[in-house]
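Undergrad: Okay, here's the structure, questions in a sec.
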Amino acid sequence: MFEIVFFGTSASAPSIQRGLSGQAILAGEYRFLVDCGEGTQRQILRSGIGFKKLNRILLTHAHLDHILGLGGLVSTFARWESMETLEIMGSRTTLDRVHKLLFEVVLGFERLPVDIRLIELLPGPFMQAKDFTVTAFPVSHRGSGSLGYVFQEKTRRPFLVEQAQALGLPVGPERGQLVAGHTVTLADGTTVTPDMVLGPPVAGAKLVYIGDIGRLDNVREQVAGADTLVIEATFLDADADVANRFGHITARQAAELAAEMGVRSLILTHVSRRYREAQVTEEARQVFPETVVARDLDHFVIRRGQPAIKLSREETRARNLDANAAQDEG
């Protein structure tokens, strides 16, 4: 299971209702900030998830509406949060601009009590956690160095309780050993192998995040079979020529990609101020009904085999209180 919280959903410039690009992806004990437009740190506070463990930042590309909030966020982390290390990850093109922003403009010669690490990402897996992987892939937008990200839960074989009971397998560490792939011998001498109590492999949840993009034919493999695809919808189809000229896509094009690649749910973001939200939603749903347009502070849960579930504000608050309490205890 993954969760995504949107901090800013506007394209290029903020509107009254929408801030600039930024979102958190929550994966178990890990938290990733994806992009950091101007005003992101205030939105993090408004969302209730807080700053704790939000020390991994993934950047999609170097345009200012996706990185300009880093200066204030880093300053806050250094002065007010007990964070020893901050990892900022992206392409070389993106990191070169971030380095200038942070170390030549914002921080200068100031020494901060936080280790800021700029980590270049190349296409391919770059994180292998216990239960999931994160993979970067190239995206075509204006300029070079744009990346998208695939969050993929690892494949599991479900434990078959009825078969285990029929074999006399007690509740205890033996079951964990079998799930881990080890053969066990019971007290009566019976040998139980993993294949005797584990079902066929089941793929985990898949979340694909793409920021600004102007070409879709070269991301089809990464998008295929996603439980949730998050992608821009800067323009409507009537302005497709303008979208193409500026390296963007339309809501219809995003929906067509989702439909063709077997995506279960589509979340659109990076919405231009020139359109009403209802227009964007209507255009996409004509092609792909399981579409929502994200709003600032929306919180979605992504599970295997299901469309994304949007939490109510009350559910979000309760979830954040529980998560923050667990982090304090940890």
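The values are calculated or read from the model by the stated rules, or taken from the named source; none is laboratory data. Values in this document were obtained by computation on a predicted structure and should not be read as measured data. Reconstructed Cβ throughout: ideal geometry from the backbone, glycine too, with neighbour counts over all protein chains shown.
Undergrad: Which residue out of ARG215, ARG252 is over 17 Å from the mean Cα position of the chain (by Cα), modelled with pLDDT of 95 or more and not in a helix (DSSP H, G or I)?
TA: ARG215
Undergrad: Moving to a separate point now. Looking at LEU236, LEU257, which one is buried (at least 20 other Cβ atoms within 10 Å of the Cβ) and either without any contact (Cβ under 8 Å) to a residue 12 or more places away in the chain or closer than 22 Å to ASP65 by Cα (or both)?
TA: Answer to the check: LEU236.
Undergrad: Can you go through LEU73, LEU33 and tell me which one is in contact with a strand residue (DSSP E or B) (Cβ under 9 Å, 6 or more places away or on another chain), hydrophobic (A, V, I, L, M, F, W, C) and either assigned to a strand (DSSP E or B) or at pLDDT 95 or above (or both)?
TA: On inspection, the qualifying residue turns out to be LEU33.
Undergrad: What pairs come out if I take residues in the range 212-225 that are assigned by TED's automatic domain parsing to the domain that holds SER140 and touching a residue at least 12 places away in the same chain (Cβ under 8 Å) and pair them with residues that are assigned to a loop (DSSP other than H, G, I, E, B) and surrounded by fewer than 13 Cβ atoms within 10 Å (Cβ to Cβ) whose C-beta lies under 6 Å away, six or more apart or interchain?
TA: Correct list of pairs: GLY225/GLY262.
Undergrad: Taking into account only those residues within the range 289-309 that are over 15 Å from the mean Cα position of the chain (by Cα) and not in a loop (DSSP other than H, G, I, E, B), which is surrounded by the fewest Cβ atoms within 10 Å (Cβ to Cβ)?
TA: Checked the range 289-309; the qualifying residue surrounded by the fewest Cβ atoms within 10 Å (Cβ to Cβ) is VAL292.
Undergrad: State which residue is nearest to ILE231 (Cα to Cα) when the search covers only the range 34-86 and only residues that are free of Cβ contacts under 8 Å to residues at least 40 places away in the same chain and among the acidic types (Asp, Glu).
TA: The residue in question is GLU38.
Undergrad: If we keep just the residues of the range 177-212 that are of a type in the set (A, V, I, L, M) and farther than 28 Å from GLU3 by Cα, which is nearest to the chain's Cα centre (by Cα)?
TA: My answer is LEU178.
Undergrad: Take ILE302 and decide whether it is within 22 Å of SER15 (Cβ to Cβ), in the same structural domain as GLY50 (by TED's automatic domain parsing) and touching a residue at least 12 places away in the same chain (Cβ under 8 Å).
TA: Details: within 22 Å of SER15 (Cβ to Cβ): no; in the same structural domain as GLY50 (by TED's automatic domain parsing): yes; touching a residue at least 12 places away in the same chain (Cβ under 8 Å): yes.
No: the conditions fail for ILE302.
Undergrad: I would also like to ask the following. Would you confirm whether or not the range 87-102 contains a residue that is assigned to a helix (DSSP H, G or I), closer than 26 Å to GLU314 by Cα and touching a residue at least 24 places away in the same chain (Cβ under 8 Å)?
TA: No, that holds for no residue.
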